Amino acid sequence: MSDNNELDRIKENTINLDNLPSIDNDVSNVPAKLLTGFNNVEDLLKGFYSYMAISKRITSENTKRTYLSNVKQFLIWCNKLQFAVKRVDKTLVLRNLIITYEKALSSTDLAQNSKAIKQASVRKFFEYYEFLHPEYNIDLRKCFSSDFITTGDPNAYKRVTRINAEVFNALMEAAYSEDINSKWIFYFFCWGLRRSEISTVKVSDLDFLNKEINIFQHKQGTNKRIPMPDWCNESIINRADVYIIHNNSKRSNKTKGKVPVTDQFIYTKLLSWRAKTDFKTVPITPHSMRRYFVSALLKQGASDSNIARLGGWASPMMVSRYGYDINLQNNPIILNNQVKY
């Protein structure tokens, strides 16, 4: 290879971090020239959507729309950077691009969770790119390492209400006063399950011999086992059903127990419990229950690694973000009356 060719190669794999182009907040009305050129944005998005359509890990249309919007934003930014994604033929090239994008994101006023979601969207896009080009053997883990980009469970950063034992007990009393669906949903909340996991628990996942329930964790692609509740026995199970949780509405009568309920169905159940308590105005969400699960285990002395495995997180780092909870009663500044007023 000649010296000139080698210099071209170095330039191709190097991105100037000075004067990076801005990231457009609104990509619905960008100039047409930014949709073509270095990257044909629309064609890439069509292929990416087709990939997500066959993915078993992305079932939510809202998630697909979020990924598409974020990837469109990223590809437009790449056009402004004059970087064609087809140049990505090895791990180093992609890693440099992702570090550059992280720097551009850090120049915005986006919240931590927003940056994490955008990087997660771009990672999913390059998962599709890797699917198209297996010959490049790109290591996505190295490219999207938490050492230099914003990653992690985006829900851990959201401003979700942290409920206390009083609210938890009130919700439990309300849930157990309703139908068997509510009892199951609340029980699964107690074990930190996500809504996507709760809705897809099957009758075949119940192990009456060992008094256990096998739970498939969609985000991790792994299984975990939790104990069966004392009130569960074979007499309350309809063996003709496929799923444990089912909608009893007339509209869903034909598919009751045959198809999973929606995430919104589970959210609505939680709201119905709240309506029966004295905490009607408290903005409780399913993730409030998940946070309570983590906080309760931390207060009992459970290790971060054990909580992470039970909660379905790849990294124990998520535990601190979910479980962080300043208890004023145990705060030495309060106990010692160090604040003078």
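Around the Cα centre of the chain, unit charges on the Cβ atoms of Lys, Arg, Asp and Glu (plus for the first two, minus for the last two) sum to a dipole of about 740 debye. When the surface is traced with a 1.4 Å probe over the full set of protein chains, Asp109 keeps roughly 140 Å² accessible. Distance between the modelled labels on Ser196 and Ser320, one decimal in nanometres: 2.6 nm (7 Å Cα→Cβ projection).
Working from label points 7 Å from Cα in the Cα-to-Cβ sense, the Thr91 to Gln220 distance is 2.5 nm. Helical runs (DSSP H, four residues minimum) scored at -39500 (n - 2.57) apiece and divided by the length of the chain put the mean residue ellipticity at 222 nm at -14000 deg cm²/dmol.
Using a ≥ b ≥ c from the Cα gyration tensor of segment 6-160 (square roots of the eigenvalues), is it rounded, prolate or oblate, where a/c under 1.5 gives rounded and otherwise the larger of a/b and b/c decides, a/b for prolate? Taking the square roots of the gyration eigenvalues as a ≥ b ≥ c, segment 6-160 is rounded. Across the protein chains, with a 1.4 Å probe defining accessible surface, the residues Lys183, Lys276, Lys86 rank Lys86, Lys276, Lys183 from largest area downward. At full extension, Ser107 and Ser305 could sit 67.9 nm farther apart than now, given 0.36 nm per residue minus the alpha carbon distance. Over the chain, accessible surface divided per residue gives 56 Å², non-protein components excluded, 1.4 Å probe.
Label point of Val259 set 7 angstrom out along Cα-Cβ; within segment 231-249, amide nitrogens under 20 Å from it belong to 240-249.
When the chain is treated as a Gaussian network with alpha carbon springs shorter than 10 Å, the biggest mean-square fluctuation among Asn70, Asn214, Asn233 belongs to Asn233.
Just the protein heavy atoms count here, and of the accessible area of segment 106-168 at 1.4 Å, carbon and sulfur take up 45 percent. Segment 72-134 and segment 185-228 have their alpha-carbon centroids 35 Å apart.
Note on exposure: Tyr187, Tyr322 ranked by accessible area (1.4 Å probe, complete protein assembly) read Tyr187, Tyr322, with the most exposed listed first. Shape summary: segment 83-131 maps onto an equivalent ellipsoid whose semi-axes, from the alpha-carbon gyration tensor, are 21, 13, 7 Å in decreasing order.
Note on segment 46-99: along the principal axes its Cα atoms extend 31, 22, 19 Å, ordered by decreasing extent.
When Met317, Met52, Met172 are compared by accessible area of protein heavy atoms, the largest-first order is Met317, Met172, Met52, using a 1.4 Å probe. Other residues with beta-carbon under 12 Å from the beta-carbon of His133 carry, at +1 per Lys or Arg and -1 per Asp or Glu, a net charge of -1.
Working note: Debye formula, equal point scatterers on the alpha-carbon atoms of segment 201-296, no solvent; log10 I(q)/I(0) at q = 0.22 Å⁻¹ is -1.32. Charging the Cβ of each Asp and Glu at -1 and of each Lys and Arg at +1, and nothing else, the dipole of segment 12-79 about its Cα centre rounds to 400 debye. Taking square-rooted eigenvalues a ≥ b ≥ c of the alpha carbon gyration tensor, is segment 206-251 rounded, prolate or oblate, where a/c under 1.5 means rounded and, failing that, a/b exceeding b/c means prolate? Verdict is oblate for segment 206-251. Percent of alpha carbon pairs in the chain separated by more than 25 Å? Of all Cα-Cα pairs in the chain, 62 percent lie more than 25 Å apart. Rolled with a 1.4 Å probe across the full set of protein chains, the surface gives Glu166 an accessible area near 120 Å².
In the frame of its principal axes, segment 155-225 has Cα extents of 35, 32, 18 Å, reported largest first. Of the residues Pro31, Pro229, Pro283, the one that moves most in a GNM of the chain with alpha-carbon contacts below 10 Å is Pro31. Once the chain from Tyr49 to Asn169 is taken as fully extended at 0.36 nm per residue, the excess over their C-alpha distance is 38.9 nm.
The values are calculated or read from the model by the stated rules, or taken from the named source; none is laboratory data. Note that the coordinates shown come from a computational prediction; the quantities given were computed from them, not determined experimentally. A quick note on method: Cβ atoms are made from the backbone with ideal geometry, for glycine too, and the neighbour counts reach across all protein chains shown. Heads up: the accessible areas ignore ligands, DNA and RNA and are worked out on the full protein's heavy atoms, side chains in. Shrake-Rupley method; radii C 1.70, N 1.55, O 1.52, S 1.80 Å.
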